1. Identify all lysines with a Cα-Cα distance to Lys27 below 27 Å; exclude those on the same chain that are fewer than 8 residues away in sequence.
2. Which residue, Val71, Val11, Val39, tops the fluctuation ranking in a GNM of the chain built on C-alpha contacts under 10 Å?
3. Suppose a student asked you for the relative contact order of the chain, using Cα pairs under 8 Å spaced at least 6 residues apart; what percent would you report?
4. Please report Thr49, Thr219, Thr111 as a ranked list, fewest other C-beta atoms within 10 angstrom at the top and most at the bottom.
5. Pick from Gln86, Gln57, Gln129 the residue whose mean-square fluctuation is largest in a GNM of the chain, springs joining Cα atoms under 10 Å.
6. Highest GNM mean-square fluctuation, the chain, Cα pairs closer than 10 Å: which of Ile35, Ile123, Ile82?
7. What is the dipole size for the chain, taken about its Cα centre, with +1 at each Lys and Arg Cβ and -1 at each Asp and Glu Cβ, in debye to the nearest 20?
8. Return the whole-Å distance between the Cα centroid of segment 173-191 and the Cα centroid of segment 41-92.
Amino acid sequence: LGVGVSAAGIVESSSGTVRFSPDFNWKHVPLGELIGNAVDLSVVVDNCTRAMALGEQWFGNARGLRNAFYVNVGYGVGSAVIFNNQVYDNHSEFGHLFVTRSGVKCYCGKTGCLEAVSSGHAIERRANQALKQRRGERITARELAQRASSGDREARAIFDAAGKYLGRAIAMVANLLNPGRIIIGGGVSLAGSTLLDPVRSEFEMHTMDVIRAGTVVETSALGMNAALFGAVSLALNCFVFHPEHLHG
Ligand SMILES: [Zn+2]
């Protein structure tokens, strides 16, 4: 059939090139061509968050929806727009929306970005700053989520802050696009209501009534398999349903 590849970073799907991936420190890597040569099959490559949104459309909570907004909260924060049944194919930088004047620095060089306060990295950094001073231990975002759900107030406060800023950012998107459904996926979304409750309350505070009344904010049902479902959906979409887009 073919191979679907979901890659982190700025991906030019038409040529299968990863233009920039800070996670792997890649610049202009022709990933589709490299894998195609190795496996002797057609290859389609896309950005992981767009692939996850496509997976959500095929197998998850966006099934049957014409419009939706998908947020991937993992180590970073990414997003994808489903518009008129299609995943919008331009690169975007949802993680660098300005959400706080607290002065917190983002790796991009600016301050106050969503990613600097709501990503898995940001959550872990905050937790470990607080814990290191007292107990000398390190904690992951997943462990922190477990503590928060079992009633640890400090852990809950960190998730409350992360969720608040995320809710603020998706409220801006909802007021702009009115997507009807906002699906939060990625590793941090596994925290469930620990993350979703503060997201929803901030979201409701900043959206217009007409938008809020027509918008569902929820976590993805695909869990950590989202990227896998995304890659499968990429391959199905490209090789079975739209083979006219194939090149090479
Ligand atoms: Zn930034």
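1. Correct list for Lys27: Lys105, Lys110.
2. Top of the fluctuation ranking is Val39.
3. Working: 486 pairs, mean separation 53.4, N = 248.
Answer for the chain is 22 percent.
4. Thr111, Thr219, Thr49
5. Taking springs between Cα atoms under 10 Å, the residue moving most is Gln129.
6. Comparing Ile35, Ile123, Ile82 in a Gaussian network model of the chain, the most mobile one is Ile35.
7. Details: 23 positive and 21 negative charges, 195 e Å.
The calculation lands at about 940 debye.
8. Measuring centre to centre over Cα atoms gives 11 Å.
Throughout, read-outs are computed from the coordinates displayed, never taken from laboratory work. As the structure is a prediction and not an experimental result, all values here were calculated from the model. All Cβ positions, even for glycine, are placed from backbone atoms using ideal geometry, and neighbour counts span all protein chains on display.
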